[in-house]
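The values are calculated or read from the model by the stated rules, or taken from the named source; none is laboratory data. Keep in mind that what you see is a predicted model, and the values were worked out from it rather than measured. Cβ: placed from backbone, ideal geometry, glycine included. Neighbour counts: every protein chain shown.
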Amino acid sequence: MRKWILIVIVGIVVIAVGVYFLVPRIKKVEVEGPREVKIVVRAKGTATEHWKADCFDEAAKVLNAELKSEGDNRTVVIEKMFDDPDWGDYVRSFVMAADAGIAPDIVLGGHEHIAVYSTAGYIMPLADSVSEIKGMYPEFDDVIEGLWDSCQLRGKIWAIPQDIEARPFYFNKPKLKELGWSDAEIKALPEKIRKGEYTLDDMIATAKEAIARGVVKPAHGYWHRPKRGNDFYQYYFAYGGIFYDPDQDKLVIVKDALEKWYAFQRRIVDEGITPENFIGTDWRIWHDTVSHGKALFWNGGSWQWGEWAKLYVKDEGGQDYLFKNVGYALQPPGVRGKSGGTLSHPTVYMVTTEKASGRGDKDLVVRLLARATTKELNTKHAVESTHIGILKSQADYAPYKEDRFLSDVIYMLDYNYFLPNHTMFSTWEDAVWEGMRASELGDRSPKDSAARAIKLLKSELGDDFIVK
């Protein structure tokens, strides 16, 4: 009997000890209730580009429905900041916010911002490879393959493409007919440029003929963009230039290509097809001139097609007027036999670090980006703002296919190239721009300008720079 009493006592002690240690643990377990997750989005653009920010409203609806069906207690709430400041001001405001720990969760930027933002710790890598990012969500797998190059740095993926464009070579079809070109010859021009059968030299010769015969006024044979911008690098590439050596992770100047590019900028003025002191011309004058058929050839962005239709030739018929009067092609090469090309500048979405934004739940931020990267939402942006689609599925998506211009120029993405993701590229840009501007304005010879730019870059970039 005493044995059984001892067993009972020992059992009671064991249970008591277990309860003593277990109860506090049970009390510490708290079931988390519903929680709102604020995701702040920062984007810039014109009024026609509002889908850069507004797409997240639609994406959040889809994501919240998914979270609810999965039993996830979180609900995403979107806060948007959308305006159109100068790029310099836009970047500075982001950097200040990131340094203060109050940056947005998603920031739109040029792909070249990846290098600076990642080095500063403002943004987080999204995947370790293209194959990994494509495997994360079906939407990412739908991105046009070549666009991932613009989102990479040191092998990692740091961003998701938002939009892309081409920078076509535009030509006035009625003016070419006045020169005696047949409809078949005009129609064949884009293909001749693509194959390298019509070069910048040919363009200059045609423009000079148009002026000599009174088809266009003097200095209206060729108009490049009137302000500083990436479009100018297309002439450097046309003569065989490159920006970057990925194997050495160094910025590059191809001396021969730089000299020929600078010489081209001065030659178009000397030949009388581009006005003297043209750089700095007001954009409104430029748009009005090229859209109303006063220039024979010009260089512009694919997005500007929409601007001309809506703002400059609306009363003449908008896009119908443009299709009747304006043709478009890749940028002509500077070397016969070299294919035409175009520089593309993708804007991308980057995800900030917890330190930069002061917020977590980055899994939802990335998932939100996936839900915003759909053919439906991206096509709304593409059609309204005249940007080329970023997804493979858009080529066969009816609302995209029905846009004649976008369907016509999507092939240009097979011949495009990008700015390099390098922290010192702004230094490269400043030097080559100053040299180009001096060459076109006649302040220095193209050869002297090229030598000066190279000397400056050697001094400022040091081991990050090579001359080929």
Qualifying residue in the range 263-280 (condition: more than 20 Å from residue 234 (Cβ to Cβ) and assigned to a strand (DSSP E or B)): no
Given (1) of a type outside the set (A, V, I, L, M, F, W, C); (2) over 20 Å from residue 113 (Cα atoms); (3) assigned to a loop (DSSP other than H, G, I, E, B), number of the condition residue 423 does not satisfy: (2)
Answer from 256, 231 - the residue that is in contact (Cβ under 8 Å) with a residue 40 or more places away in the chain, outside any strand (DSSP E or B), closer than 25 Å to residue 453 by Cα and of a type outside the set (A, V, I, L, M, F, W, C): 231
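Does residue 106 satisfy the criteria of being within 23 Å of residue 148 (Cα to Cα), touching a strand residue (DSSP E or B) at 6+ places or on another chain (Cβ under 7 Å) and assigned by TED's automatic domain parsing to the domain that holds residue 351?
It is true that residue 106 is within 23 Å of residue 148 (Cα to Cα), touching a strand residue (DSSP E or B) at 6+ places or on another chain (Cβ under 7 Å) and assigned by TED's automatic domain parsing to the domain that holds residue 351.
For (1) assigned to a helix (DSSP H, G or I); (2) modelled with pLDDT of 95 or more; (3) not hydrophobic (A, V, I, L, M, F, W, C), each residue gets a yes or a no:
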site: 104; (1), (2), (3): no, yes, yes
site: 118; (1), (2), (3): yes, yes, yes
site: 133; (1), (2), (3): yes, yes, no
site: 170; (1), (2), (3): no, yes, yes
site: 211; (1), (2), (3): yes, yes, no
Residue selected from the range 421-445 under the condition over 16 Å from residue 265 (Cβ atoms) and touching a Ser or Thr at 6+ places or on another chain (Cβ under 9 Å), by the criterion surrounded by the fewest Cβ atoms within 10 Å (Cβ to Cβ): 423
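If the requirement is being under 30 Å from residue 176 (Cα atoms) and modelled with pLDDT under 95, which of these qualifies: 344, 291, 339?
On the way: 291 fails: modelled with pLDDT under 95; 339 fails: modelled with pLDDT under 95.
After ruling out the rest, the residue left standing is 344.
Please pick out the residue among 327, 334, 389 that is in the same structural domain as residue 144 (by TED's automatic domain parsing) and buried (at least 16 other Cβ atoms within 10 Å of the Cβ).
Numbers: 327 fails: in the same structural domain as residue 144 (by TED's automatic domain parsing); 334 fails: in the same structural domain as residue 144 (by TED's automatic domain parsing).
Answer to the selection: 389.
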Answer residue from the range 108-144, given it is in contact (Cβ under 8 Å) with a residue 60 or more places away in the chain and among the acidic types (Asp, Glu) and is surrounded by the fewest Cβ atoms within 10 Å (Cβ to Cβ) among those: 142
Single residue of 286, 298, 308 found to be crowded, with 23+ Cβ neighbours inside 10 Å, assigned to a helix (DSSP H, G or I) and among the aromatic types (Phe, Trp, Tyr): 308
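Any residue that is among the hydrophobic types (A, V, I, L, M, F, W, C) and closer than 21 Å to residue 346 by Cα - is there at least one of those in the range 69-86? Quick ask: steps written out before the conclusion?
Restricting attention to the range 69-86, the residues satisfying the condition of being among the hydrophobic types (A, V, I, L, M, F, W, C) are 76-78, 81-82.
Now drop any that are not closer than 21 Å to residue 346 by Cα, which leaves 81-82.
Yes - at least one qualifying residue is present in the range 69-86.
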Within the range 318-374, helices (runs of 4 or more DSSP H) holding 1 or more residues that are closer than 24 Å to residue 141 by Cβ and free of Cβ contacts under 8 Å to residues at least 40 places away in the same chain: 362-372
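Consider residue 462 carefully, then state whether it is out of contact with any strand residue (DSSP E or B) (no Cβ under 6 Å at 6 or more places or on another chain) and over 20 Å from residue 230 (Cβ atoms). Talk me through it step by step, then tell me what you get.
On the way: out of contact with any strand residue (DSSP E or B) (no Cβ under 6 Å at 6 or more places or on another chain): yes; over 20 Å from residue 230 (Cβ atoms): yes.
Here the answer is yes, as residue 462 does meet what is asked.
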Residue within the range 135-150 that is aromatic (Phe, Trp, Tyr), modelled with pLDDT of 95 or more and closer than 21 Å to residue 308 by Cβ present: no
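Based on what the data block shows, is residue 377 hydrophobic (A, V, I, L, M, F, W, C), under 26 Å from residue 306 (Cβ atoms) and outside any helix (DSSP H, G or I)?
Numbers: hydrophobic (A, V, I, L, M, F, W, C): yes; under 26 Å from residue 306 (Cβ atoms): yes; outside any helix (DSSP H, G or I): no.
Considered against the rule, which asks whether it is hydrophobic (A, V, I, L, M, F, W, C), under 26 Å from residue 306 (Cβ atoms) and outside any helix (DSSP H, G or I), residue 377 comes out as no.
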Matching residues in the range 446-468 - criterion: being surrounded by fewer than 16 Cβ atoms within 10 Å (Cβ to Cβ) and without any contact (Cβ under 8 Å) to a residue 40 or more places away in the chain: 448, 452, 455, 458, 459, 460, 462
